[in-house]
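Chemist: Next up is a structure, given as structure tokens.
Laboratory data are not the source of any read-out in this text; all were calculated from the coordinates shown. Because the structure is predicted, anything quoted here is derived from the model rather than measured. Here the Cβ is made from the backbone with ideal geometry for all residues, glycine too, and neighbour counts use every protein chain on show.
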């Protein structure tokens, strides 16, 4: 588990990845770019590798990877894929 | 624990599904460590197929994973419960895992993704459970997220390869429809999978029937026909009529039909485990004859299952009271069980399964179907034929006597009276007919066939009385069998003749008596004549005496002397 956190996060996100699969790596890079460019230290991003933690995948219904769950701001939103469409991701984050 | 069966010809290892009838078609089961595709339209029972396979496996000690993309896991558990399968109990023992795998429909897609989440879950679970059997239900729901058919297609291959590489035996369900576009869309799956099973539900003449067909089995032989199947409250059941070998037992000893005279005509009664056809037009007394048998069977402590398509149990029981057949004691003693339904109520497979389940549970000695003519209403002639053939087959294999009632038109032809081509299955055939003679209608019974028994081939008249069916004596004369008034006339004529003969004898007897009397009379007359002569003679002699006396008096009057002299002279001359 990999956490990138702020002291008082307004944005809480979970990114589920599958090891070092190319699309997982792309997704990590893409979401970091978006977050760092827009909300810098106001977010908390949790990266979960389901290859080593399949129970999390069961608990969160992660059937496909990469999968981003935006926990805060509510309501919870799910985006799957490499998150290459920055506009779509920003819209989901209501930025 | 159960060992995987291996066929003799090839070494392909198979896993029995233990779904009734399916392993027979698959010659052992589905291929081990390979992918089997179940395709079918909505409501075909694809999901039930999968659950039943896993559940049966778990019961044999093989853990299983069920991944559902369409239904909620709770719904799956609940549905299974209606079949009597308690999935939760097995889940608690970590022998079964039902995974609800549906993505939130609001999920957005941005860029490429893979099925690694699913694989990771399955792999992790499979390892913790030591599971080798997996069912993936309706994965097309997930794959549709790609919104790209080629990608969808390649993911099926990924899935297939992933299962194969992990030596898992998998079943994937795939939707198909009559729609041609859909059929070709998933055609590639038929090439990919090692075993392909199609489920099909079709509605014909308002009655739905289900068919199963195996279209492919790599490295194995399989039954290539379409087989009817049903989804009952005990799961899927396939009835492979064409693969079922004939394991008929020989006919048993005769059992009484309940009517002594009919037994005589039949050559002893119905044969146990035989098929008896009672045909006749409406009102001929078919049901009465069948219930006569039921009554006597119940008294012999034998059980009868009554499959009624025409009347309810109450109606039959009430109706039978009028010919004096009281079924209530038999019902109370559980010697007769009725299953009544309208033929239209369900498909023929369901009718068949109901019958099979009842037979299994109730273990009857005999079975009555009232009436096979109504079976046509299950769909078509073909459906009715299949239903009956399978039912008869089942009964023959289980040593059950079948009494089939059939409503027919007025015809004596055995093919006609059986109504369908089941005549070869029929061991005994009884025809009940109405014959019109001299302006009235009479009931007639004829035994057309009584396999293995010497039977009478004569028509007989019968009556339905307050005491059941009563067979009359046979009258065979120049005009064939006589019935009703004609029979009575004949009887009257015969009795008249008899009376005439008796009369003649009486007459002779009388004549003789008269002669005797006459003789006596004549004797008496002669006697009286003699007596008369006697008396005449006596009277004449008396006259003579008187005359002599008179002469004496006259002589005395004329003078004694003369007279004396004369008298002396006369006397002297005399």
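Chemist: Report the antiparallel proportion of the DSSP beta bridges in segment B:254-478 as a percent, rounded to a multiple of 5.
Modeler: In segment B:254-478, approximately 40 percent of DSSP beta bridges are antiparallel ones.
Chemist: Can you compute the label reach from residue A:25? Point 7 Å from Cα along the Cβ direction, backbone N cut-off under 20 Å, restricted to segment A:79-95.
Modeler: The answer is A:81-85, whose backbone nitrogens lie closer than 20 Å to the label point.
Chemist: Also: Can you give the convex hull volume per residue for the Cα atoms of segment B:279-338, as a whole number of Å³? Before the final figure, lay out the partial values.
Modeler: Values: hull volume 4.8 nm³, N = 60.
Per-residue hull volume (Cα only) is 80 Å³.
Chemist: Which order do B:23, B:137, B:74, A:53 fall in if you start with the one that has the fewest other Cβ atoms within 10 Å?
Modeler: Details: B:23 19, B:137 25, B:74 11, A:53 16.
Ordered by Cβ neighbours within 10 Å, fewest first: B:74, A:53, B:23, B:137.
Chemist: Right, next: Hey, with R₀ at 45 Å, roughly what FRET efficiency would residue B:130 and residue B:389 work out to, going by the Cβ-Cβ distance, to 0.05?
Modeler: Values: r = 45 Å, r/R0 = 1.00.
Between residue B:130 and residue B:389 the formula returns 0.50.
Chemist: I want to make sure I understand the PRE zone here: with the label point 7 angstrom from the Cα of residue B:216 toward its beta carbon, which residues in segment B:34-52 have backbone N atoms less than 12 Å away?
Modeler: Under 12 Å, as judged by backbone N against the label point of residue B:216, lie B:35-39 of segment B:34-52.
Chemist: Taking the mean number of other Cβ atoms within 10 Å as a proxy for protection, how do you rank B:42-55, B:359-372 from highest to lowest? List each step's numbers first, then the result.
Modeler: On the way: B:42-55: 22.5, B:359-372: 20.4.
Per-residue mean Cβ counts within 10 Å order the peptides as B:42-55, B:359-372.
Chemist: Going by a ≥ b ≥ c, the root eigenvalues of the Cα gyration tensor, does segment B:14-238 fall in the rounded group (a/c under 1.5), the prolate group (a/b larger than b/c) or the oblate group?
Modeler: Numbers: a/c = 1.35, a/b = 1.11, b/c = 1.22.
Rounded, since a/c falls under 1.5.
Chemist: At 7 Å along the Cα-to-beta-carbon direction for both residue B:260 and residue B:150, put a label point, then send me their distance in nm to one decimal.
Modeler: Result: 8.9 nm between the two label points.
Chemist: Expressed as a whole number of Å, what is the distance separating the alpha-carbon centroids of segment B:244-321 and segment A:17-94?
Modeler: With segment A:17-94 and segment B:244-321 each reduced to a Cα centre, they are spaced 74 Å.
Chemist: When you look at the Cβ of every residue in B:23-32, what mean number of other chain Cβ atoms sits within 10 Å? Mind showing how you got there, number by number?
Modeler: Values: counts 0, 0, 0, 0, 0, 0, 0, 0, 0, 0.
Taking all residues of B:23-32 together, the mean is 0.
Chemist: What shape does the protein assembly as shown take by its C-alpha gyration tensor, where a ≥ b ≥ c are the square roots of the eigenvalues and a/c under 1.5 counts as rounded, a/b above b/c as prolate, and the rest as oblate?
Modeler: Values: a/c = 5.68, a/b = 5.09, b/c = 1.12.
Because a/c hits 1.5 or more and a/b exceeds b/c, the protein assembly as shown counts as prolate.
Chemist: Taking the mean number of other Cβ atoms within 10 Å as a proxy for protection, how do you rank B:102-110, B:31-39, A:12-20 from highest to lowest?
Modeler: B:31-39, A:12-20, B:102-110
Chemist: Rank these for me by crowding, A:85, B:221, going from fewest to most other beta carbons within 10 Å. Please report the intermediate quantities before stating the final value.
Modeler: Working: A:85 17, B:221 13.
Fewest-to-most Cβ neighbours within 10 Å comes out as B:221, A:85.
Chemist: A further question on this structure: How crowded by other chains is A:79-85, given as the mean number of beta carbons from other chains within 10 Å of each beta carbon? Walk me through the numbers on the way to the answer.
Modeler: Values: counts 6, 11, 9, 4, 4, 3, 4.
Mean partner-chain Cβ count within 10 Å for A:79-85: 6.
Chemist: Let me ask something else about it. Label residue B:467 and residue A:88 with points 7 Å out from Cα along Cα→Cβ: what is the distance between them in nm?
Modeler: Distance between the two pseudo-spin positions: 9.1 nm.
Chemist: When the convex hull of the C-alpha atoms of chain A is computed, what volume per residue in Å³ does it have? Mind dumping the intermediate values first?
Modeler: On the way: hull volume 8.1 nm³, N = 95.
Once divided by residue count, the hull of chain A is 85 Å³.
Chemist: Take the Cα of residue B:344, step 7 Å along the line toward its Cβ, and report every residue of segment B:370-409 whose backbone nitrogen sits under 15 Å from that point.
Modeler: Zone members listed by number: B:374-380.
Chemist: If the chain between residue B:509 and residue B:522 were fully stretched, how many nm would it gain, using 0.36 nm times the residue separation less the Cα-Cα distance?
Modeler: Numbers: separation 13, 0.36 × 13 = 4.68 nm, distance 1.94 nm.
Length gained between residue B:509 and residue B:522: 2.7 nm.
Chemist: Would you mind getting me the FRET efficiency between residue B:315 and residue B:399? Use the beta-carbon distance for r and R0 = 22 Å, nearest 0.05. Don't skip to the answer; put the middle values down first.
Modeler: Working: r = 30 Å, r/R0 = 1.37.
Between residue B:315 and residue B:399 the formula returns 0.15.
Chemist: From the square roots a ≥ b ≥ c of the eigenvalues of the alpha-carbon gyration tensor of segment B:53-127, which class results: rounded (a/c under 1.5), prolate (a/b over b/c), or oblate? Present the calculation step by step, with values, prior to reporting the outcome.
Modeler: Values: a/c = 3.35, a/b = 1.67, b/c = 2.01.
Because a/c hits 1.5 or more and a/b fails to exceed b/c, segment B:53-127 counts as oblate.
Chemist: What is the fewest-to-most order of B:132, B:534 by other Cβ atoms lying within 10 Å of their Cβ? Don't jump to the answer; show the numbers that get you there.
Modeler: Numbers: B:132 19, B:534 12.
Ranking B:132, B:534 by Cβ neighbours within 10 Å, fewest first, gives B:534, B:132.
Chemist: Can you show me the helix-derived [θ] at 222 nm for the protein assembly as shown, built from DSSP H runs with n ≥ 4 at -39,500 (n - 2.57) apiece and divided by the number of residues, rounded to the nearest 500. All intermediate terms of the calculation are to be shown ahead of the outcome.
Modeler: Details: 21 runs with 273 residues, N = 669.
After summing the helix terms and dividing by the residues of the protein assembly as shown, the value is -13000 deg cm²/dmol.
Chemist: Another question about this same structure. Once label points are set 7 Å from the Cα along Cα→Cβ at both residue B:491 and residue B:334, what is their separation, rounded to one decimal in nm?
Modeler: Those two pseudo-labels are separated by 4.6 nm.
Chemist: Per-residue Cβ counts within 10 Å, from other chains only, averaged over A:64-73: what number is that?
Modeler: Values: counts 16, 8, 7, 5, 2, 2, 0, 0, 0, 0.
Counting Cβ atoms of other protein chains within 10 Å of each residue's Cβ and averaging gives 4.
Chemist: Further, regarding this structure: Quickly rank B:273-280, A:76-83, B:503-510 as a protection proxy: mean count of other C-beta atoms within 10 Å, highest first. Intermediate results must be reported in sequence, preceding the final value.
Modeler: Numbers: B:273-280: 26.5, A:76-83: 22.5, B:503-510: 10.6.
Result, highest mean first: B:273-280, A:76-83, B:503-510.
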